[in-house]
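K.L.:
Have a look at this one.
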Amino acid sequence: MAADVKAMRHIIGILLQNEAGALARVAGMFSSRGYNIESLSVAPTDDPTVSRLTLVTTGSNAVILQIVNQLNKLIDVVRVDDMTRGEHLERELVLAKLRVDPARRDALRGYVVRTGGRVLDPSTDSFIVELLGSEAEVNGFMHEVASHGELLEVVRSGALGISRSARSLRLVTPA
């Protein structure tokens, strides 16, 4: 029972009809019930009538079940999957602009490359770097690059997730 009460981070995938106001209805459902959206990413799928929404929120198992049930009641929602319940892959993109002391430029460049990131713009007074990784990897990366210089700007995409199982969050049309 205690595991059910513990608030956990969940990545929820939603297939949504690509209609005006559909995203607003999803956001409104969260707002009206006092749930927080930590990150949100929406893009079209291979089917132009359907968009894929990836949402990150935190809650107990009971709260997440309630969220999923409420989402399934929305007219524009086609399918919902709490990917956190099974094996999944998660990625987030971060772009960071740093003011870097010239004496630390090589150390920063080396760290970025070792972690799988890229230096996109090594201008004389700042660096723009990117990294693609899990939330934990991005958080660690941000902490470390901040020790090499002054963080001027940070842009994060929010999490994207995909299930590793054979099931897919995809609209299946009859042949």
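K.L.:
Among the residues of the stretch 45-76, how many are in contact (Cβ under 8 Å) with a residue 60 or more places away in the chain and within 24 Å of residue 155 (Cα to Cα)?
P.N.:
4
K.L.:
Can you tell me which of (1) under 23 Å from residue 53 (Cα atoms); (2) modelled with pLDDT of 90 or more is the one residue 153 doesn't meet?
P.N.:
Single failed check for residue 153: (1).
K.L.:
Could you list, in sequence order, the residues of the stretch 1-34 that are over 20 Å from residue 135 (Cα atoms) and outside any helix (DSSP H, G or I)?
P.N.:
1, 15, 16, 17, 18, 19, 20, 21, 34
K.L.:
Before we move on, is residue 164 open to solvent by 80 Å² or more (accessible area, probe 1.4 Å), closer than 19 Å to residue 54 by Cβ and of a type outside the set (Asp, Glu)?
P.N.:
yes
K.L.:
Read through the list (1) under 14 Å from residue 85 (Cα atoms); (2) open to solvent by less than 70 Å² (accessible area, probe 1.4 Å); (3) free of Cβ contacts under 8 Å to residues at least 12 places away in the same chain, then give the number of the only condition that residue 11 fails.
P.N.:
In the conditions (1) under 14 Å from residue 85 (Cα atoms); (2) open to solvent by less than 70 Å² (accessible area, probe 1.4 Å); (3) free of Cβ contacts under 8 Å to residues at least 12 places away in the same chain, residue 11 misses (3) alone.
K.L.:
I would also like to ask the following. Taking residue 118 and the conditions (1) more than 21 Å from residue 40 (Cβ to Cβ); (2) open to solvent by less than 70 Å² (accessible area, probe 1.4 Å), which numbered condition does it fall short on, given that it satisfies the others?
P.N.:
(2)
K.L.:
While we're here: Need pairs with beta-carbon distance below 8 Å; first residue closer than 14 Å to residue 75 by Cα and touching a residue at least 60 places away in the same chain (Cβ under 8 Å) and within the stretch 17-44, second outside any helix (DSSP H, G or I) and open to solvent by less than 70 Å² (accessible area, probe 1.4 Å); sequence gap 6+ or separate chains.
P.N.:
The qualifying pairs are 17/50; 17/51; 17/76; 17/77; 17/78.
K.L.:
Any chance you could count how many residues in the stretch 14-26 are open to solvent by 40 Å² or more (accessible area, probe 1.4 Å) and of a type outside the set (Asp, Glu)?
P.N.:
Selection size over the stretch 14-26: 6.
K.L.:
Take residue 155 and tell me if it is of a type in the set (A, V, I, L, M), surrounded by fewer than 16 Cβ atoms within 10 Å (Cβ to Cβ) and closer than 30 Å to residue 29 by Cβ.
P.N.:
yes
K.L.:
May I pose another question? Could you look through the stretch 86-115, keep only residues that are among the small types (Gly, Ala, Ser) and farther than 30 Å from residue 13 by Cβ, and pick out the one that is surrounded by the most Cβ atoms within 10 Å (Cβ to Cβ)?
P.N.:
107
K.L.:
Of all residues in the stretch 40-76, count the ones that are closer than 18 Å to residue 25 by Cα and open to solvent by less than 20 Å² (accessible area, probe 1.4 Å).
P.N.:
Result for the stretch 40-76: 11.
The values are calculated or read from the model by the stated rules, or taken from the named source; none is laboratory data. Since the structure is predicted, the reported quantities are computational estimates derived from the model, not experimental observations. Glycine gets a Cβ as well: all are built from the backbone with ideal geometry, and neighbour counts include every protein chain shown. Surface accessibility is based on the protein's heavy atoms, side chains included, excluding ligands, DNA and RNA. Shrake-Rupley method; radii C 1.70, N 1.55, O 1.52, S 1.80 Å.
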